[in-house]
Amino acid sequence: MAKTGTTSQGLREAIERSGYYPALVAEAVEAAVGREPVVSFLVHQETTFDSNEVRRHATVLVLTGTRFIVSHTDEQPADGNAPTPYATTSTESVKLSRISSVVLSRVVADPQSYVPGTLPREVVLTIGWGAVSRIDMEPANCGDPNCEADHGYTGSTTADDLSLRVSEAGDGPETVRQALEFAQALSEATAVSGR
């Protein structure tokens, strides 16, 4: 379930409609936003299955005039350290000028018949600001199958601070539309802040 909008009151209502620990999530998000006006937001609640456990988590993305705020809340079952289930909420506030990339991947069905404006069946929004990078390395080779020389390693680094996937099948077409709208607002805001 995802909700998007452009006001602080709308943000609070979307968090409450998600039904996922709304008091906890709203308090964390509102503390991070502070008095700054909300430009755009996206609330995404997802249920996952881990062995024979059902786990839920919520991600709230907020765009203000100067910052991108991400909040993530996970629930955990009781364990050896906690006799009752518990939830962990974290928020991060990033200056718009620090955002180095906004990547929106779209998956469309039947691409040869694609009509502009048709919703993709899924989107993945990946946002990078340099807090987390992934390095993928592999042994380098020269292409000669008989060569036994050590050619060192080759690899690539990828900014991978946040990746959020929404799909028409799992979240509904409105959620896909909302994710597209938030991605566009964030992309436009980072372009303006980079001038």
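Annotations for the structure displayed:
- The condition of being in contact (Cβ under 8 Å) with a residue 24 or more places away in the chain, of a type outside the set (Gly, Ala, Ser) and on the phi < 0 side of the Ramachandran plot holds for only one of THR48, THR91, that being THR91.
- Count - residues of region 104-138 that are farther than 16 Å from VAL176 by Cβ, open to solvent by 50 Å² or more (accessible area, probe 1.4 Å) and in contact with a Ser or Thr (Cβ under 8 Å, 6 or more places away or on another chain): 7
- Of everything in region 68-103 that is at pLDDT 90 or above, outside any strand (DSSP E or B) and of a type in the set (A, V, I, L, M), the residue that is surrounded by the fewest Cβ atoms within 10 Å (Cβ to Cβ) is LEU96.
- Each residue in region 43-67 was checked for being surrounded by 13 or more Cβ atoms within 10 Å (Cβ to Cβ), modelled with pLDDT of 90 or more and not aliphatic (A, V, I, L, M), and 5 of them qualify.
- Residues (within 14 Å of ALA87 (Cα to Cα), hydrophobic (A, V, I, L, M, F, W, C) and out of contact with any helix residue (DSSP H, G or I) (no Cβ under 9 Å at 6 or more places or on another chain)) located in region 24-43: LEU24, ALA28
- Residue in region 140-153 that is aliphatic (A, V, I, L, M), at pLDDT below 95, outside any loop (DSSP other than H, G, I, E, B) and over 22 Å from the mean Cα position of the chain (by Cα) present: no
- Filter result for the condition that a residue is touching a strand residue (DSSP E or B) at 6+ places or on another chain (Cβ under 6 Å), more than 13 Å from THR91 (Cβ to Cβ) and among the acidic types (Asp, Glu), over GLU36, GLU53, GLU16: GLU36
The values are calculated or read from the model by the stated rules, or taken from the named source; none is laboratory data. Note that the coordinates shown come from a computational prediction; the quantities given were computed from them, not determined experimentally. Methodologically, a virtual Cβ is constructed for each residue, glycine included, from the backbone with ideal geometry; neighbour enumeration extends over all protein chains shown. To get the accessible areas, we keep the full protein, side chains included, count just its heavy atoms, and leave off ligands, DNA and RNA. Shrake-Rupley method; radii C 1.70, N 1.55, O 1.52, S 1.80 Å.
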